[in-house]
Amino acid sequence: MTADPRRSLPSVERVIELLVNAPGSTPLPRMLVVDAARDAVEVARARVLAGDAVSHDEVARVAADRLAAVEDGLLRPLVNATGVLVHTNLGRAPIGASALAAAAAVGGGYSNLEYRTDDGRRGSRHDHAGALVARACGGEAGIVVNNNAAAVLLVLAALARGRDVVVSRGELVEIGGGFRVPEVMAESGARLVEVGTTNRTRRADYERATTDATAMLLKIHASNYRMIGFVEAASIAELATLGPPVVVDAGSGLLDETTPWLPGGRPAWLGDEPGVRQCLDAGAALVTFSGDKLLGGPQAGIVVGRRDLIDTVARHPLARAVRADKLTLAALQDTMLAYLDGDATRIPLWRMACAPIDGLLLRAGRIAAACSGRAKVAETEAVAGGGSLPGLTIPSVGVVVDLDSGSDVERAARSLRRLGIVARIEGSAVVCDLRTVAPADDSTLIQALVTVLDGVVGR
Ligand SMILES: *Cc1c(COP(=O)(O)O)cnc(C)c1O
């Protein structure tokens, strides 16, 4: 009689012991360590039954891999060396230190979120950040919700349910991540009335479609694509004289076209990106935009404009479902105070976007030098990203590692990602664009590059 081969399997307890005592083991909760150990023993049992020999060390390795995968799946910081400033998959705009401190101060205890300290009565969460955003872009009032998609949905539901919303055929866009204007419209219960053609829509087209059933004229900024050639669109000012409120989904949240918060004036890479203030000045009744694109704040959707309309929007039941939380409101409030101060240095997005080339060159030189001749400094092109400013680039500087083959470059990029660095691949080179890397992360980048170049990681 032969012994049951399953007897050779380590116990789950034994695998846990091996995992916990392994050098560099991660301090994950025991429950997750037990899951990994159980899974690994299960896999080994199946292999043993199929006739394979499996050592205890192998089982421990499988368990360690599972645990590493769990750790890899945890939300954690990465270094963005892609040169894409508003990188949606990497969390869009980084939040500034003072905004984070404000969120920590408010979130770590109780606050006047919906409370008035003068009379002890209930207040409104829109009185803080919402009011400041309105002040910063010249609106009468403002509210803050979860994101811009929610802002658009809420505005449509509150002001146009069961009524007509007139939109140019050239603006029935998909923004990415499933935000399609016709679908959002259907979800809100508003009726979409398409006017004009894909490339040309005039004021007269909107005028013909405007009836007693028209709730609003909606303009959507074509954030992520550009139409050139034989094109025409009606301006906000032209539409504002037709009667129904003009609502503008401005997308990126560039507060003011003239960027008064930047000492050097409006940068060329902003192209013709419209400012929220200018949309309102031109006659928009409401403007919606994201908090974490060019505004450089936390994820949020912001609606600013006419007070009567904002009040109606704020009273709608959906407003409760999509409201912003205290952490967001605290961080956004601090971001708005920075704008009102004219101090863009507190906003990481603008700090990075406007970092002078000289400084980037200096950093790149130091990083390349630390790689002892295996990396070079090169001029690169960064982009705003986040579906804004297609085709426009920001001059930048990168550290470039040339490799022999495509497979080497893929492997190097993967190794860098394992070390927390997301770089760009260009041909057979790995490019680390420094415009999106915080100077404080330079040493992390150096360490990762040296490790990868030494071939310690990878394979
Ligand atoms: C980005 C964008 C949205 C979606 O905004 P989120 O904040 O991601 O929900 C909607 N409309 C336009 C024009 C955009 O650019």
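Pairs linking a residue in the range 382-406 that is within 17 Å of residue 222 (Cα to Cα) to a residue that is more than 16 Å from the ligand (Cβ to nearest atom) and of a type outside the set (D, E, K, R), with Cβ atoms under 8 Å and 6 or more positions apart or on different chains, are 383/83; 383/393; 383/394; 384/269; 384/353; 384/394; 389/269; 392/269.
With the condition kept exactly as written, say whether any residue in the range 38-46 is among the charged types (D, E, K, R) and touching an Asp or Glu at 6+ places or on another chain (Cβ under 9 Å).
Restricting attention to the range 38-46, the residues satisfying the condition of being among the charged types (D, E, K, R) are 38-39, 42, 45.
If we keep only those that are touching an Asp or Glu at 6+ places or on another chain (Cβ under 9 Å) as well, we get none.
For the range 38-46, residues among the charged types (D, E, K, R) and touching an Asp or Glu at 6+ places or on another chain (Cβ under 9 Å): absent.
Applying the criterion of being surrounded by fewer than 17 Cβ atoms within 10 Å (Cβ to Cβ) and hydrophobic (A, V, I, L, M, F, W, C) to the residues of the range 355-366, the residue that is nearest to residue 396 (Cα to Cα) is 357. All conditions in (1) under 25 Å from residue 321 (Cβ atoms); (2) within 13 Å of the ligand (Cβ to nearest atom); (3) modelled with pLDDT of 90 or more hold for residue 140, with the sole exception of (2). If you go through the range 187-210 and pick out every residue that is outside any loop (DSSP other than H, G, I, E, B) and away from the ligand (no atom under 16 Å from the Cβ), you end up with 12. Residue 390 falls short of the stated requirement of being within 21 Å of the chain's Cα centre (by Cα) and at pLDDT 95 or above.
Among the residues of the range 234-247, is any under 21 Å from residue 153 (Cα atoms), among the acidic types (Asp, Glu) and touching a helix residue (DSSP H, G or I) at 6+ places or on another chain (Cβ under 7 Å)?
No, the conditions are met nowhere in the range 234-247.
Take the conditions at pLDDT below 95, farther than 23 Å from residue 138 by Cβ, more than 16 Å from the ligand (Cβ to nearest atom) and not aromatic (Phe, Trp, Tyr) and apply them to residue 330. Does it pass? When the stated conditions are applied, residue 330 does not pass them. For the range 344-362, check the following and say yes or no: at least one residue is touching a residue at least 40 places away in the same chain (Cβ under 8 Å) and over 30 Å from residue 449 (Cα atoms). Yes; the residues of the range 344-362 include at least one that is touching a residue at least 40 places away in the same chain (Cβ under 8 Å) and over 30 Å from residue 449 (Cα atoms).
The set of residues in the range 327-351 that are in a helix (DSSP H, G or I), surrounded by fewer than 18 Cβ atoms within 10 Å (Cβ to Cβ) and among the charged types (D, E, K, R) contains only 351.
The values are calculated or read from the model by the stated rules, or taken from the named source; none is laboratory data. Since the model is a prediction, treat every value here as computed from it, not as a measurement. All Cβ positions, glycine included, derive from the backbone under ideal geometry; neighbour counts span all protein chains shown.
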